[in-house]
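Student: Before I ask anything, here is the structure I am working with.
The values are calculated or read from the model by the stated rules, or taken from the named source; none is laboratory data. Everything numeric here is computed off the predicted structure, so don't read it as measured data. Backbone-built Cβ (ideal geometry, glycine too); neighbour counts: all protein chains shown.
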Amino acid sequence: MTGRGVIWAGGLVAVAAVAVLAVYFAVRGLRPVDTVGVVGAVVGIAGLALAVRGLIVERRGARDRAEPSAGGSAAARVQASGERSVAIGGDNSGIISTGDDTTNTGAR
């Protein structure tokens, strides 16, 4: 099952759980003895809603990070400032030296 399928399945389970709880409380009623159960159910539903929202926000953020910007590749967004700063974006390999009198000895 793909990631999108898992998210949809989880959403359907959450909606079904809320529907079952709504029917249960409508039939059974909200008695004072059941107050702890009602509070627990409300807290559980709120936690589920926050988890789903967090998942959606994270997936959107991951998608935005994976897509290149309108001005070019993702490497175009990398910036460095200040003395001896280095910014690397994309697929890079090699040696970077930023110190005084450094010598790079290695195969090229």
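Student: Name the single residue, out of those in region 63-105 being part of a helix (DSSP H, G or I) and loosely packed, with under 11 Cβ neighbours inside 10 Å, that is modelled with the lowest pLDDT.
Tutor: For region 63-105, the residue satisfying everything is Ala66.
Student: Answer yes or no as to whether Arg60 is within 16 Å of the chain's Cα centre (by Cα), part of a helix (DSSP H, G or I), free of Cβ contacts under 8 Å to residues at least 12 places away in the same chain and surrounded by 10 or more Cβ atoms within 10 Å (Cβ to Cβ).
Tutor: On the way: within 16 Å of the chain's Cα centre (by Cα): yes; part of a helix (DSSP H, G or I): yes; free of Cβ contacts under 8 Å to residues at least 12 places away in the same chain: yes; surrounded by 10 or more Cβ atoms within 10 Å (Cβ to Cβ): yes.
Criteria met by Arg60.
Student: So, in region 33-45, of the ones that are within 14 Å of Ala19 (Cα to Cα) and of a type in the set (Gly, Ala, Ser), which residue ends up surrounded by the most Cβ atoms within 10 Å (Cβ to Cβ)?
Tutor: Ala41
Student: Quick check on my filter: what residues within region 14-50 are at pLDDT 80 or above and of a type in the set (Phe, Trp, Tyr)?
Tutor: Of everything in region 14-50, just one residue is at pLDDT 80 or above and of a type in the set (Phe, Trp, Tyr), namely Tyr24.
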